1. Is the shape of segment 163-314 best called rounded, prolate or oblate, per the rule: a/c under 1.5 gives rounded, else a/b larger than b/c gives prolate, else oblate, with a ≥ b ≥ c the square roots of the Cα gyration tensor eigenvalues?
2. How about segment 48-117: which GluC sites (Glu not before Pro) there are in a DSSP loop, with at most 11 other Cβ atoms within 10 Å of their Cβ?
3. State the percentage of accessible surface on the chain attributable to carbon and sulfur atoms; use a 1.4 Å probe and exclude ligands, DNA and RNA.
4. Rolling a 1.4 Å sphere over the protein heavy atoms, what is the accessible area per residue of the chain, to the nearest Å²?
5. Report the residue, chosen from Ala115, Ala148, Ala20, that carries the largest GNM mean-square fluctuation when the chain is represented by alpha-carbon nodes joined by springs under 10 Å.
6. Which lysines, on any chain, are close to Lys254 with Cα under 21 Å apart, when same-chain ones fewer than 8 places away are left out?
7. If each DSSP helix of 4+ residues adds -39,500 (n - 2.57) and the sum is divided by the residues in the chain, what number results at 222 nm, nearest 500 deg cm²/dmol?
8. Reachable lysines from Lys226, Cα under 21 Å, same-chain residues fewer than 8 places away excluded?
Amino acid sequence: MPNHHRRLIILGSGPAGWTAAIYAARAGLDPLVITGLEPGGQLTTTTDVENWPGDVEGLQGPALMERMKAHAERFQTTVVYDHIESVDFSTRPFVLKGNDTWTCDALIICTGASAKYLGIPSEKKFMGRGVSACATCDGFFYRNQPVAVVGGGNTAVEEALYLSNIASQVTVIHRRDSFRAEKILIDRLLKKTSENVRIQWLSETDEIVGDNSGVTGIQIRNKETKDIQLVDVKGVFIAIGHTPNTAIFENQLKMENGYILVNSGSKGNATATSVPGVFAAGDVTDPIYRQAVTSAGTGCMAALDADRYLGSLK
C-alpha cells in the first residue's frame with residue numbers, strides 16, 4: 001500500500017471541500033482533495049439550485065459540483081477518488097488510510113453530514129422529484145402547493161414553520177402524540193393549526209406515491225387504529241435529523257452530538273479543531289444552517305487558516 005505525502009489534504013468534495021481547494025491552491029499549498037464515497041456530497045442528489053448567488057436562472061446541483069471541481073483543478077488541485085477509513089492524529093505528519101496511505105502536515109475535514117431517511121423504497125425513487133431533506137433548500141419549489149413534513153423534533157417543527165409561509169398547506173406526520181422540539185417552537189407551530197398546518201399524531205409514513213411528474217401524495221398509517229389514509233401533497237420533507245460523517249474522528253477530535261467543534265469566532269483561527277493542524281468546514285461542523293453557500297464560506301476560512309498554520313511551521 002503506497003504512502004503519499006502532501007502539505008495539505010482536504011477530505012470531502014462538497015461545496016466546503018472544493019472552495020477550500022480553490023483558496024489553498026491559489027495560496028500555493030498544492031492541495032490534494034480526497035473525494036470520499038460520494039463525490040460532490042449532498043448536492044449531487046439535489047436537482048434545482050436557485051439560491052446560489054449569481055446564478056439568476058438557477059442550476060442543477062450536480063452541475064454546480066462539476067463547476068467547482070473544474071475551478072479547483074484549474075489551479076492545479078490534485079483530485080483522488082479514495083475513501084478514508086481511519087486517521088491517526090497522534091503522530092506528525094498525520095496519517096490517513098484508505099485504498100492508499102496518505103500523510104499530511106495539515107488537514108481540512110469537509111466530510112459533511114448525511115440526512116437520515118425513512119428507508120422505504122418510494123423515498124429513494126422520488127428523491128429530488130418531490131422528496132427532500134431540506135426545506136430552506138427546496139421549499140421555494142412548492143409555493144402555494146400542499147406539502148408534508150415527517151418528524152417531530154426541532155428540525156421537523158422548524159421545517160414546518162418555514163414551509164407554512166410558502167406552501168398552501170403543511171401536514172406534519174409524527175409517530176408520537178407530542179413533539180420533542182423546544183416549547184417555543186411547538187407553540188408557534190400549534191398556532192399555525194388555525195391557518196394552514198395540520199398535524200397527524202401517532203402516524204407513520206407507509207408509502208410515498210407519485211407518477212412520472214414526481215410526488216402526488218403520501219400514504220400514512222395510524223399506529224393505533226392501523227387505518228391508512230392518502231394525503232395529497234406535491235412535496236415530502238423528511239426531517240428526522242442528520243448524521244455528521246465523523247465516525248473515523250471519534251476519540252481524536254472534540255465533538256458534540258457527532259459534529260466537530262471548531263473555534264468559531266476566533267480571530268484568524270475560526271475553523272481550527274482541538275488538534276493543531278486539523279481544520280473543519282461545512283456541514284460536518286454545522287447542525288443548523290446546512291446551506292451550500294455557508295459551507296463554501298467556511299471552506300474558504302479553513303483554507304486561509306491552514307495557510308497561516310503551515311506558514312507558522314517554517
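1. Details: a/c = 2.64, a/b = 2.54, b/c = 1.04.
The shape class here is prolate.
2. Numbers: sites: Glu50, Glu57, Glu66, Glu73, Glu85; in loops: Glu50, Glu57, Glu85.
Qualifying residues, ordered by number: Glu57, Glu85.
3. On the way: 7390 of 15120 Å².
Carbon and sulfur atoms account for 49 percent of the accessible area of the chain.
4. Numbers: 15120 Å² over 314 residues.
Ligands and nucleic acids excluded, the result is 48 Å² per residue.
5. So, out of Ala115, Ala148, Ala20, the one fluctuating most is Ala115.
6. List returned: Lys97, Lys267.
7. Values: 7 runs with 77 residues, N = 314.
Only helices count here, giving -7500 deg cm²/dmol.
8. Partners within reach: none.
The values are calculated or read from the model by the stated rules, or taken from the named source; none is laboratory data. Fair warning: this is a prediction, and the values are worked out from it, not measured in the lab. Using ideal geometry, Cβ is built from the backbone for each residue, glycine included, and neighbour counts are taken over all protein chains shown. Side chains included, ligands, DNA and RNA excluded: accessible areas come from the protein's heavy atoms. Shrake-Rupley method; radii C 1.70, N 1.55, O 1.52, S 1.80 Å.
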